[in-house]
1. Only one of these conditions is not met by B:Pro629: (1) within 30 Å of B:Tyr332 (Cβ to Cβ); (2) in contact with a Lys or Arg (Cβ under 7 Å, 6 or more places away or on another chain); (3) touching a residue at least 60 places away in the same chain (Cβ under 8 Å). Which number is it?
2. Taking the range A:3-21 as the region of interest, how many residues are part of a strand (DSSP E or B) and exposed (fewer than 13 other Cβ atoms within 10 Å of the Cβ)?
3. Among (1) on the phi > 0 side of the Ramachandran plot; (2) in a helix (DSSP H, G or I), there is one condition B:Gly14 misses while meeting the rest; what is its number?
4. Any idea which of A:Leu245, A:Leu213, A:Leu234, A:Leu191 is out of contact with any Cys (no Cβ under 6 Å at 6 or more places or on another chain), modelled with pLDDT of 95 or more and farther than 27 Å from A:Val119 by Cα?
5. Of the residues that sit in the range B:439-456 and are out of contact with any Asp or Glu (no Cβ under 8 Å at 6 or more places or on another chain) and not hydroxyl-bearing (Ser, Thr, Tyr), which one is surrounded by the fewest Cβ atoms within 10 Å (Cβ to Cβ)?
6. Which one is farthest from the chain's Cα centre (by Cα) among residues in the range B:502-524 that are buried (at least 21 other Cβ atoms within 10 Å of the Cβ) and either closer than 16 Å to A:Ile49 by Cβ or modelled with pLDDT under 95 (or both)?
7. Condition (residue is facing chain B (nearest Cβ under 10 Å), out of contact with any Gly (no Cβ under 6 Å at 6 or more places or on another chain) and not acidic (Asp, Glu)) applied to the range A:180-189: is it met by at least one residue?
8. Where in the range A:186-251 are there helices (runs of 4 or more DSSP H), lying wholly inside it, with at least 2 residues that are within 18 Å of the chain's Cα centre (by Cα)?
Amino acid sequence: MSKSINIKLRVWRQASPKAKGAFENYELNNVPTDSSFLEMIDMLNEQLIAERKEPVTFDHDCREGICGMCSLYINGHPHGPDQEVTTCQLHMRKFHDGETITIEPWRSRAFPVIKDLMVDRQAYDKIMQAGGYVSVNTGGVPDANAIPIAKPIADEAMDAASCIGCGACAAACKNGSAMLFVAAKVSQLALLPQGKIEAAKRAKAMVAKMDELGFGNCTNTGACAAECPKSVSLTHIARLNREYLCAKFKD
Amino acid sequence: MSDTKKFTTIVPEGQLADKWSNYKAHQKLVNPANKRRLDIIVVGTGLAGASAAASLGELGFNVLSFCIQDSPRRAHSIAAQGGINAAKNYQNDGDSVYRLFYDTIKGGDYRAREANVYRLAEVSNNIIDQCVAQGVPFAREYGGLLDNRSFGGAQVSRTFYAKGQTGQQLLLGAYSALSRQISKGSVKMHTRYEMLDVVVIEGRARGIIARNLRTGKIERFFGHAVVIATGGYGNTFFLSTNAMASNGSAAVQIYKKGAYFANPCYAQIHPTCIPVHGESQSKLTLMSESLRNDGRIWVPKKKEDAEAIRAGKLKPTDIADDDRDFYLERRYPAFGNLVPRDVASRAAKERCDAGFGVNNTGLAVYLDFKYAIERLGEATVKARYGNLFQMYEKIVDENPYKTPMMIFPAIHYTMGGIWVDYELQTSIKGLFAIGEANFSDHGANRLGASALMQGLADGYFVLPYTIQNYLADQIQVPRISTDAPEFLEALKDIDKKINKLMSIQGKRSVDSIHKELGIVMWDFVGMARTEESLKTAIEKIKAIKKEFWANVYIPGKADDLNGELEKALRLADFLEIGYLMALDGLNREESCGGHFREEYQTPDGEALRQDDKFSYVSCWKYTGDDSDPELLKEDLTYEFTERKQRNYKE
C-alpha cells in the first residue's frame, strides 16, 4: 500500500544560459511514495503553476529509463541515490518523510545549462558524428547470417551498446571526462566484425573530438561506471585505450 | 454526417509478389546531379524518420531533419522492447514472405491494403541484413547465428531481438547512419525544434514552420518535399506508454491543410503494462509482449480469492494451481498466452469487469513466471528477461522471480493516422507520412514486433524509392524563398494561435485539462465502445475543448523556452484527435481489431466485423473548425486473401 511523505526541496533555478543561477527552496506535501521522482517534480510544478509562478524546467521524455533524456543531479549523485536507474525510474520510496532533497543540473563544462535543470548535451552527438558508426549505406549488404558471431562476443557488444547517452558518466567524473560514453561505442563496434574494419580510425576520431569539445581526461577513478544507470563496465575503457594505442602506434 | 464518397487507390499491376518489383522497375528516378539541388524536410527521428533521413542523405539529397528532443537518439522508438519481425525462416519452422503477409493482414482484422502489407513483408528481410551490417548486436545462438523468439498472432518464431532493448538498438543503428550523414553535411540536423505547420504552395507541400524550443523563436524552412515521421497519437489518453512529448500535432496540422486523417479510432491497447499506482501517475510502462512467451496469465478462479487478494488478506502465491484461471489458455487453446494484443486486452478487461481482477484497484491480472522458472531455471529466465524484471521491480517494488507480475492493458500504439497512398504520399502532393504517423499497414490491429519492422521498412526501403517518383518532376523547381506569402501567412496564423493561448490566463494548468480528456477517452473511447459511450465522449470532449480555450493558464513568455506553452499547443491538437477518434468510432458500426463496439460481437465475445458495410478506410477530410469533417471511403478489396472471422482457438 502506498504511503505519502512531506519533503523539502532545494532546486537549482537559472533563467537562461548566461543568467546567474541560485537554489530555491520549496516544500511539497503528500507525495505518494509509489510516485517516480519526476512525478514528484510534476507535483511541484502543478503547485508552482497554481501559485502563478514559473514551473521548473527539466529534461524528460520516455519515463521508462531508456531514452536518456532525464538528467538530474540528486543529493550529489547523477540520477540520485538508487543504483542502476535513471532519474525517471527513481521512486519516492527511496526518500523519507521530512527529508531535504537537493536537485541540480548536470555539472560539467561540456554540458552548459540551458535553463534551470536542463543542459545542452549536443557534445555527445558531435562525438558520435566523428565516427560512432559503421560506414555502410542502405542496401547492398550481405545476409544477416553470413558472418557468424560468437555469442559471448555479441553479448558483450550488447552490454556496451546499452549506453543511453544520458551524460551521467561525464557529470559524475571529477575531470568531466566522457571516456565511458566514447568507450561504450568504440568497444561495441570494435567487438563486432562489421565494425572492426574501421576500429582504429574510429577510436582516434572519437577521442580527438571528445578532447576538442572540452571534456577532461580519464584518470581511472571509476565514478562513471559506479553512477552509470545502465552499468556500462570500465572494461570498455580498457578496450578503448587498447584500440587507441594500437591505432597511434601504427601511425 | 456529410455526404460520403468512395474511391480506390492505385496499386501497381500484377500478382501480389510482383507489384513492388514492377513499381521499382517503372518508377521515375532523379539523377545524382539533380539530387543535390533538391531539399527534403524530414520531421521526426524515430525509426522511420532517422532511417529515411539517413538513406535520403546517402542518395545525395539535401536533407533537413528535425526532432523535439535534445538528440535524435531519444525518439520514442527507443523504448520498443521485444523485437522486430522478418520472414527469414532461419528457424526452418515454415515461415515465408507470404505467411508474414498473411499473419499481418489477418492480425489487422482485414482492414489494411493487401499490396502495402505484402511489400512490408517482402522488405522485412532486408531490414535485418541492414541492421546487422550497422553493428546492431542482435541476440545470437551459441553457433553464432541469429536467435529468434515468438510473438503474438504468429505460429512461427520470426522475431529478432536485442535483449529487451530491440527498439533502442535499432534506433541507435539508424541514429549512427544519420550521424554519419550529418558529419558529411548531407543532413542538417535541428534538435529541440517542434513543427507547427506545413506550408502548401499551389497545392504542394513546400516547407514547414517550426518553433525553436530553446529560444521560442518561430522559424521557416523550405523543402521540395516534406516527410512526416512524428509517430502516433496515443497520448490523447494522457496516460499511455508513449513518451511525454510524443504528440499528434504534426498530423493535425497537415489534416487541417487537407491531408486525410484515416481510421482515427484504431488504437491499440497493449495487454501487458504495469498498472496505475495513483493520481500522480504521469505515464504507463509497458512490459514487453515477449514475456508472454514464457509467462502465464491468470486470475483467481474463485471470486472470494480475488476479493481477499484485493483486501491484502491473500497473496497470489497462496492460490493453488487448481484455483487459478489461465483464461487465455482456456479460451484460446491454439494460441494460448500468445493471442494478438487486442484479444488479450479484452480478455483481461472481461475478467476484471466480472470481478476477478487483482491489485487493490481490481484492475490487474497476473503474469506468472513460476512455471517458466520450474521448467527452465531462474538463470535462463533471467538471461531472457532480466532487464524487464529489473524494471518491474524498480517501479513496483516487488520481485517478479518470487511473486507474479501484475499487469493491465494501456494505450500503446495507434494504427490510424495520416492517410497515404501506395507511395506513402498523403492527399497533399509532396507531403509524405511514414512509420506510425501513417495509417497504412496494420489495419485495425498491429501485431507485436511489427511497428519496428514498418518504421524501418518505410524509412530504409520504401520512401527512398517512392519519393523519387515525385521529385523527378520537381528538378526544375528552384528553392522558394521563405518570405513567400504562403510562408508569411502560415506564420501569421501561428502567431495568432500562440498569442491567443498566452492571453487566456485562466485558472487551469495544461496537465489538469489533459488528464480530464484522458479519463473521457479511457472511459468512453477505450477498450469497449458503444454508440452511447461515443456520443457521450463527443459531448464531453466539446466541453473540455471549450474549457481549454477559455480557462487554460500558461505561465512565462511565448518567445522563450516555455514547456507549458509546448504542452498547451499539443493539447489543443489532442482535443481535435480525441474528437475525431470518437466520431470515427461512432461511424464504424462493427468491431474489428482494436476497435470493439459492444453491439457487434460473436456469442463468444469476439470482435464481429461487418464486411459488407465497413470494408473501407475511413478518411476524414477537414472542413473547418466549426463543422464536422467530411467522410471519404477508400474501398478495401481483397484479391489474394479470403477474409475470415479471426480465430485463435484452433
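1. Among (1) within 30 Å of B:Tyr332 (Cβ to Cβ); (2) in contact with a Lys or Arg (Cβ under 7 Å, 6 or more places away or on another chain); (3) touching a residue at least 60 places away in the same chain (Cβ under 8 Å), the lone unmet condition for B:Pro629 is (1).
2. Result for the range A:3-21: 1.
3. (2)
4. The conditions single out A:Leu191.
5. B:Asp441
6. B:Ser509
7. yes
8. Correct list: A:199-212, A:223-227, A:235-250.
The values are calculated or read from the model by the stated rules, or taken from the named source; none is laboratory data. Quick caveat, the model's predicted, so the values are computed rather than measured. Please note: Cβ atoms are built from the backbone with ideal geometry, for glycine as well, and neighbour counts cover all protein chains shown.
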